[in-house]
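Colleague: Before we start, here is the structure in question, set down as structure tokens.
The values are calculated or read from the model by the stated rules, or taken from the named source; none is laboratory data. Small disclaimer: the values here were computed from a predicted structure and weren't measured. A quick note on method: Cβ atoms are made from the backbone with ideal geometry, for glycine too, and the neighbour counts reach across all protein chains shown. What goes into the accessible areas is simple: the full protein's heavy atoms, side chains included, and nothing from ligands, DNA or RNA. Shrake-Rupley method; radii C 1.70, N 1.55, O 1.52, S 1.80 Å.
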Amino acid sequence: MESYLDSLPQRPSHSSSRRTSLEVGGLYQGYGTHYVDLWVGTPPQRQTVIVDTGSGVTAFPCSACKDCGKDYHASPYFEEAGSSTFHKCQCNNCKDRGTCTHPNQDGGYCKIGVSYQEGSSWLAYEARDQIYLGGPHNKSLHTKAFEAGDGKHLASGVVDEDPNDAADFTFPLTFGCQTRVTGLFKTQLADGIMGMCVSKGAFWHQMFDAGIIEHQQFSLCIKKIEASNPEGTSAGAITMGGVDTKLHKNPMVFADGHMTSRSMHGLTIRKVYFAKAGQYDGTEVTQDNTVKLDITTSQLNSSPVILDSGTTNTYFTRKIANTFKALFESEVGVDYNTDGMTLTDAQVDKIPSFVVQLNGYSSSTDEVNDISDPPTHPR
């Protein structure tokens, strides 16, 4: 299946002696988010980073970071002096969102900062170092697991699920060396963040530009665990370069994606519903146990709708408020209030599930379930 990411400019084709075309790494559950291991520098130092499809920069605390949540995070700060391949980006080499601190002066460097919807932010300087994703959670890989030139190539379609091969996917990454963080960046379990939107500086895009993956694609297989352990709670997988069908229990179902004007992964909401109390599985949703909210598709998508894996909140347009509150009151018997509600046990049992139906991908193949207008789903 062709992704909207495949329509982006392609790098010039070149031969490769890599034996695989996809890398699969482990995901771990943080506090409301999922993170992955990055091994940075020479020798490698572990940094855990939230996988965030809603931003485009990878960043984590470095040695100069003050009050950056050292006691909360899974790993120590990255020590720049401990890596023989570390490079601080100078003003003549600022990337993407980086800006020069002192133009036309010696010692100028590239600074960068990002603020997020939920209020957190960070400041950093741009740096570059060797990096690989995944591998054993508590042990770095100092050498590649296999030698190049073994007859298999990047486009072979072979999937590498062996964590001991992770170092073979090493490439130079430009990232933010954080010097200041605020909000949840201090108290989160993960050390930093990995930007995965559709910008040039996104982690997957840099991996593609380096020739490590053949296709401009990645996939997340996310699992929810009851509690998160600071030592690492396995909760899914990330596949760089495409999808790993070995992880599928059922045929894939695709939504129609697009790139928004701000380089985000965009989706189109078709309709929204309340499912009767007790209907918690998406496969159990039918026309008989749902109530459609009275709002049009154009109203639901009056502002861009994006897929953001790095936030713990879901936001909808205000235009949904009246019909949402009216249906909630009719189902539960209590006025919906964002400041809190007092409910009896019986009323809690009546709280309906909120169902979001996305526009399906219309060019499905025999291997893909077309959900553009399935007869068994609500209309």
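Colleague: So if each residue of separation counts as 0.36 nm, and I subtract the Cα-Cα distance between Lys223 and Asp71, what length gain in nm does that give?
Modeller: Result for the pair: 52.1 nm of gain on full extension.
Colleague: What does the highest-first list of 101-112, 75-86, 206-217 look like by mean Cβ count within 10 Å?
Modeller: Ranked by mean Cβ neighbours within 10 Å, highest first: 206-217, 75-86, 101-112.
Colleague: Each label point is 7 Å from the Cα along the Cα-to-Cβ direction; what then is the distance between the points at Lys249 and Gln105, in nm?
Modeller: It works out to 5.9 nm between the two label points.
Colleague: For segment 247-287, what does the accessible surface come to per residue with a 1.4 Å probe? Please give it in Å².
Modeller: I get 60 Å² per residue for this part.
Colleague: Using the per-residue mean of other Cβ atoms lying within 10 Å as a proxy for protection, in what order, highest first, do the peptides 40-47, 284-291 fall?
Modeller: Ranking, from highest mean packing down: 40-47, 284-291.
Colleague: Follow-up question, since we're still on this one. Starting from the Cα-Cα distance between Thr312 and Lys292, subtract it from 0.36 nm times their residue separation and give me the gain in nm to one decimal.
Modeller: Gain on stretching Thr312 to Lys292: 4.7 nm.
Colleague: Identify the chymotrypsin sites (Phe, Trp or Tyr not before Pro) of segment 254-312 meeting these criteria: DSSP loop state and at most 15 other C-beta atoms within 10 Å of the C-beta.
Modeller: Here the chymotrypsin sites (Phe, Trp or Tyr not before Pro) that fit, given the DSSP loop and packing criteria, are Tyr280.
Colleague: Within segment 205-253, list the trypsin sites (Lys or Arg not before Pro) lying in a DSSP loop whose Cβ has at most 11 other Cβ atoms in a 10 Å radius.
Modeller: Lys224, Lys249
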